[in-house]
Every structure is written in C-alpha cells, then in structure tokens.
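One structure is given below, encoded as structure tokens.
The values are calculated or read from the model by the stated rules, or taken from the named source; none is laboratory data. Keep in mind it's a predicted model, so treat the numbers as computed, not measured. Neighbour counts are summed over all protein chains in view; Cβ atoms, including those assigned to glycine, are modelled from backbone coordinates with ideal geometry.
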Amino acid sequence: MQQSDRIKPYFQIARIDHWFKNVFILPGIILALYDNHWRTDFLIVPHIFLALLSIGCIASSNYVLNEILDAPRDALHPVKKHRPVPSGRINVRIAYCEWILLACFGFLLSWPLGTSFTLTMLALWIMGCLYNIPPIRLKDKPYLDVLSESINNPIRLLAGWYAVGMTRLPPVSLMVAYWMLGAFFMAVKRFAEYRRINDPRRAAEYRDSFAYYTEQRLIISIVYYAVAFGLCFGVFIIRYRLELLLTIPLLAGFIGWYMNLGFLPDSPAQYPERLYKQRGFVLYVLACSLAMLFLFRVNIPALYTLFTPTIRLP
C-alpha cells in the first residue's frame, strides 16, 4: 500500500468536504454588519478567514470522534459500512490523536478573534462530545438527536457575529429561528435515512433513536420544526427588519422543496454535502439569499405604514 493510501483515510474521517456547512456563519456576519450600519474595514477579511479555519478544525475534530464511535453501527448501514473506520483502514489510536490535535489547532486559531469567539468554538466542540460520547450520547435519544446536532446552527451564527468584533448577543428570536431551521434539516435527514434503510429492525440496530421513530413521527417533527422556524423568524422580522416580510413566499417554497428532497429515492437530504448536485434547488437557494441581502439594504417605508398596529391592548 502506498503512503498516500495510508494517509488518505485520516483526511476522509475529518470530512473536510463538509466544511461548506460553515457557510452558516455568513448570516451572523451580515447581521453584525447591518447592526453596525454596514461600517467596516479591511481587517474583517482576515478575521473571517481565520474564523472559517478555526470552525473548520473544530468541526473536523467532532467528525473524527463521530467516525470512531459510530463505526460499529456504521458497519450495519448499507452505505456507511464502507467508511474508513468500519472498513478497517484506520488505526483508532491515531484517530483519537487526530481528534485532539484538530481541536487544539481550532482553539489556537480562535484565540486572536477574542474570548467570545473562543467560547463559541468551545461550545461547538462540547456539543460534539455530548452528541457522540456515552453515556450521554445525545444522538441516540429521539428528538434530542435532532435538537442537539442542529444547535450547531445558532453556534455558527454566533461565530460569524463575534468574528467581526461584536461583543453582545445577537437577537434571540433569530438564534432560535436558526436553531429550528437546522432541526428541520436534520429531521428531514433522519426521515430520508429511515426510508432508505426500509426496515424498522435494521434501522434500530443502526441508530438507537430509530427504535422510537416512525415515518409518521418524523414527518410530524419536520412540520413542527418548520412552523417553529417560521414563527421565530416572523418575530425577528417584525422587530428588526420588516422588509424581510417579502421573502416569506420564497422561504415557504424553500421549506417545501427541501422536504420534497427527503422523499426522493436515496434522498440527497441524507448527504447534505451532495446537495450541490441539485442544481435547481441550489439556484433557488441563491435567489432566496440574494433577495434577503437586497431587502437588508433597501428601505420600504410603505410596509411600516401598512403593518402599523391598529389595535392596542390596555
């Protein structure tokens, strides 16, 4: 075996291809710039780059731990059994060293960005430990598996917020909305995985939470998270940026489209890193993002007149 073939599996378990998820820090950056009336300087560019490297290392540390501890269950999955650890291409002791080194490097990179950013990275790493390590191992608990993994969404929002120098908390309504949107994504992923295995007994062997889940329960949870996201985001819009009301039809279409992906055979929702292959969906997400950016910069006074409260409670 060539040296490159021995090293490659260690890069694979770090899942560097999943670093695209760090794009979820961008709303935190945009919100911070909006809060600061779009005033900034050139220092923001190296700060954002450093933040992306830091959060990437912390996320990879969590992925390595996940790969190690999930290996016995992954061996029962029709696709994941080919991963480096269950297929025997990894020295587990070296993998544990990789887990610690990636975390240390991530914290080292976070330190120049301030205490708040470093604590945010620590929270991200701790959530990875709680999610994977027994006896807590939240990923085996129904509903908590979704909620604990998706809380990484508001943590990433905080990372973007603090990376550009903010010191206070962003709006809580937006953080909760971001959390619920992440929970929606994760619940669709669970639903797609459950349908892909297509055997309740095998599904429960692969993931403990699947012993409780059914397709009906998963669909109900998906609807709950989508509604919770909509309500919390609505609160944020009303309090901070009424122009974003115009994006509601686009966001409703996004929710419906993503849920539809969960019903596809061998659904791409199981592997978010492959969603780029859904070109129509990617273009739609880009259109939604551009619309939101535009409405952050444009004022529409008529909306404030139209939606002025006419009934005031005593």
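Against the numbered list (1) assigned by TED's automatic domain parsing to the domain that holds S110; (2) buried (at least 22 other Cβ atoms within 10 Å of the Cβ); (3) assigned to a loop (DSSP other than H, G, I, E, B), R156 comes up short only at (3).
Conditions (1) touching a strand residue (DSSP E or B) at 6+ places or on another chain (Cβ under 6 Å); (2) hydroxyl-bearing (S, T, Y); (3) within 26 Å of E149 (Cβ to Cβ), marked per residue:
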{"position": "N36", "(1), (2), (3)": "no, no, no"}
{"position": "S61", "(1), (2), (3)": "no, yes, yes"}
{"position": "K81", "(1), (2), (3)": "no, no, yes"}
{"position": "E98", "(1), (2), (3)": "no, no, yes"}
{"position": "L109", "(1), (2), (3)": "no, no, yes"}
{"position": "P112", "(1), (2), (3)": "no, no, no"}
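Test N66 against the criterion of being of a type in the set (S, T, N, Q) and touching a Gly at 6+ places or on another chain (Cβ under 9 Å), and give yes or no. Yes; evaluated as a whole, the condition is true for this residue.
When the stretch 65-110 is filtered for residues that are over 22 Å from R6 (Cβ atoms), surrounded by fewer than 21 Cβ atoms within 10 Å (Cβ to Cβ) and at pLDDT 95 or above, the ones remaining, listed by number, are C104, F107, L108. For the stretch 261-283, the criterion of being modelled with pLDDT under 95, over 27 Å from P301 (Cα atoms) and touching a Gly at 6+ places or on another chain (Cβ under 7 Å) is satisfied by at least one residue.
Scanning the stretch 231-251 for residues that are closer than 16 Å to V176 by Cα and surrounded by 18 or more Cβ atoms within 10 Å (Cβ to Cβ), which turns out farthest from the chain's Cα centre (by Cα)? Checking each candidate, the answer is I237. Whenever a residue of the stretch 60-81 is in the same structural domain as L124 (by TED's automatic domain parsing) and outside any helix (DSSP H, G or I), its partners that are of a type outside the set (V, I, T) and buried (at least 19 other Cβ atoms within 10 Å of the Cβ), lying with C-beta atoms within less than 8 angstrom and at least six residues away or across chains, give the pairs A75/P86; L76/Y206; H77/Y206. Of the set (1) surrounded by fewer than 13 Cβ atoms within 10 Å (Cβ to Cβ); (2) at pLDDT 95 or above; (3) within 24 Å of W19 (Cβ to Cβ); (4) not hydroxyl-bearing (S, T, Y), all apply to G256 but (3). Among the criteria (1) assigned by TED's automatic domain parsing to the domain that holds R274; (2) acidic (D, E); (3) surrounded by 20 or more Cβ atoms within 10 Å (Cβ to Cβ), the one D145 does not fulfil is (1).
Screening W179 on (1) among the hydrophobic types (A, V, I, L, M, F, W, C); (2) over 12 Å from I58 (Cα atoms); (3) touching a residue at least 60 places away in the same chain (Cβ under 8 Å) shows it passes everything except condition (3).
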